[in-house]
Amino acid sequence: MQMKKQEKVFDPKEPNLLYSFLSDTSLNYSRIKVIMNNLYNGGTDSTAKNLMVLLFNLARNPEKQEKLHEEILAVLGTEEPLSKDSLARMPYLKACLRESFRLINPTAMSAIRVLHHDTVIRGYRIPAGVSVAYSTYKSSRENFVDPEQYIPERWLRGEKQKREEESHILANIPFGYGARGCLGRWFAEQEIYLATVKVSS
Ligand code: HEM
């Protein structure tokens, strides 16, 4: 693509994301590499693998699978089409995915940050420039009761008290956090919900 750009054999009017990045003088090569890697990895691998893991967790826990099946039937019946509104009435489906992310995250270590200043976190001095990775695996084990069990109920509002006791808002962040959090989150979650409902109904 860079050669084509230098030789001016590429039509800049043709829609092409990589070409537009290469033509953008505010982006250096290493930034472009990071963005392209994120789009490829994020856009393909992660959604498919997390869907696979959710179905695996449901298959290993038939009583949860049955509960989800009942919710889907109760909302959709035999007539109602699957829509944004009907998905909004499926809290157990969302809890099942959230719990699946907590128990087994096949793709991501979650957020990684390079600190600009020397920082002390829990007694550890971290020099500026060092990459710090948040381990979603460790956090998902240390901050939850019965961490090896698949318990979607811990994410339900009705179980609020239990939920507050068991977790912290940042204890499970499969899509990272803050300004650099996952851009495709809503898209990926929607895809996983749709596929799960179709398989289960
Ligand atoms: C289940 C599916 C997915 C998971 C678990 C996931 C997870 C993540 C995580 C952990 C990050 C780093 C966030 C941080 O550092 O705070 C991230 C970043 C990103 N994700 Fe996803 N992702 C998923 C799907 C997708 C999809 C479908 C797309 C694109 C359509 C996407 C695009 C991106 C992009 C562009 C970034 C970089 C954001 C930035 O650096 O500003 N992701 N994702």
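Side notes on the structure shown:
- Flag set for S20, criterion: within 21 Å of G184 (Cα to Cα) and either touching a Pro at 6+ places or on another chain (Cβ under 9 Å) or exposed (fewer than 12 other Cβ atoms within 10 Å of the Cβ) (or both).
- Residue satisfying condition, being away from the ligand (no atom under 16 Å from the Cβ), part of a loop (DSSP other than H, G, I, E, B) and not polar (S, T, N, Q), within set K4, K13: K13
- Taken across the range 3-20, residues that are touching a residue at least 12 places away in the same chain (Cβ under 8 Å), of a type in the set (G, A, S) and at negative phi do not occur at all.
Residue by residue, here is whether (1) in contact (Cβ under 8 Å) with a residue 40 or more places away in the chain; (2) open to solvent by less than 60 Å² (accessible area, probe 1.4 Å); (3) acidic (D, E); (4) part of a helix (DSSP H, G or I) holds:
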{"residue": "N41", "(1), (2), (3), (4)": "yes, no, no, yes"}
{"residue": "P81", "(1), (2), (3), (4)": "no, no, no, no"}
{"residue": "S86", "(1), (2), (3), (4)": "no, yes, no, yes"}
{"residue": "R102", "(1), (2), (3), (4)": "yes, yes, no, yes"}
{"residue": "A128", "(1), (2), (3), (4)": "no, yes, no, no"}
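- Only one entry in A74, A48 is away from the ligand (no atom under 16 Å from the Cβ), surrounded by fewer than 17 Cβ atoms within 10 Å (Cβ to Cβ), assigned to a helix (DSSP H, G or I) and free of Cβ contacts under 8 Å to residues at least 12 places away in the same chain, namely A74.
- Subset tally (residues that are under 19 Å from I169 (Cα atoms) and either at pLDDT 90 or above or out of contact with any strand residue (DSSP E or B) (no Cβ under 8 Å at 6 or more places or on another chain) (or both)) for the range 122-147: 14
- Residue list for the range 25-38, filter: near the ligand (Cβ under 8 Å from one of its atoms) and open to solvent by 90 Å² or more (accessible area, probe 1.4 Å): N38
- Residue in the range 135-145 that is hydrophobic (A, V, I, L, M, F, W, C), more than 16 Å from the ligand (Cβ to nearest atom) and buried (at least 18 other Cβ atoms within 10 Å of the Cβ) present: yes
The values are calculated or read from the model by the stated rules, or taken from the named source; none is laboratory data. For clarity, every value in this text was computed on a predicted model and none was experimentally measured. When we count neighbours, we look across all protein chains shown, and the Cβ atoms used for this are built from the backbone with ideal geometry, even at glycine. We work out accessible area using only protein heavy atoms, side chains counted, and drop any ligands, DNA or RNA first. Shrake-Rupley method; radii C 1.70, N 1.55, O 1.52, S 1.80 Å.
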